[in-house]
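The values are calculated or read from the model by the stated rules, or taken from the named source; none is laboratory data. Only a predicted model underlies this, so the values are computations on that prediction, with no experimental measurement involved. Here the Cβ is made from the backbone with ideal geometry for all residues, glycine too, and neighbour counts use every protein chain on show. Protein only, heavy atoms only, side chains kept; ligands, DNA and RNA dropped before computing areas. Shrake-Rupley method; radii C 1.70, N 1.55, O 1.52, S 1.80 Å.
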Amino acid sequence: AEQYGKAFEIFNKIIKIQPDNAEAHYNRGVALYNLNMKGDIEYAKKVGGLGFMHAMNSGLFSKMAKDSFKKVISLRPDYPEAHYMLGITYNEIWQPSHSEEQYKILLNINKGLADKLKEKIDLTNESFSLLEDETTVNDEQ
């Protein structure tokens, strides 16, 4: 997982030199997404321990990843992987309408990635429904 922290730092440096580099923004977003999803204890210690863990737990990395993918799309609207990762990020932070929007865009760009995103959206919606059902049962008891 430490590689995600290092990748994040490298792509930040590239972006400072080449602010319109869509690939660098995309890879920065992927690194941030993975930092958020997998955590990185060694990187956390290196960059400040609890501050890093707070950023991870507060969703800061998800927001930063989302912003990176949006920047890619502003530079290259037809970049299918950026739409896919933006949809995945929205899905992970429980913003299904935004995730569905990316799915609809992907249908016109890359049907394979659109189908893959739709599977994840459906799985999340199913999980959310199960949680709601469980909460309703617990509330009734």
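Structure data summary
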| read-out | value |
| --- | --- |
| Solvent-accessible heavy-atom area per residue, rounded to whole Å², over the range 56-109 at 1.4 Å | 48 |
| Sequence of Asp78, Asp122 when ordered by accessible area, the most exposed leading, probe 1.4 angstrom | Asp78, Asp122 |
| Pairwise label distance in nanometres, Lys6 with Ser74, each label 7 Å out on the Cα-Cβ vector | 3.1 |
| Rounded to the nearest 10 Å², the accessible area of Ser74 at probe 1.4 Å | 80 |
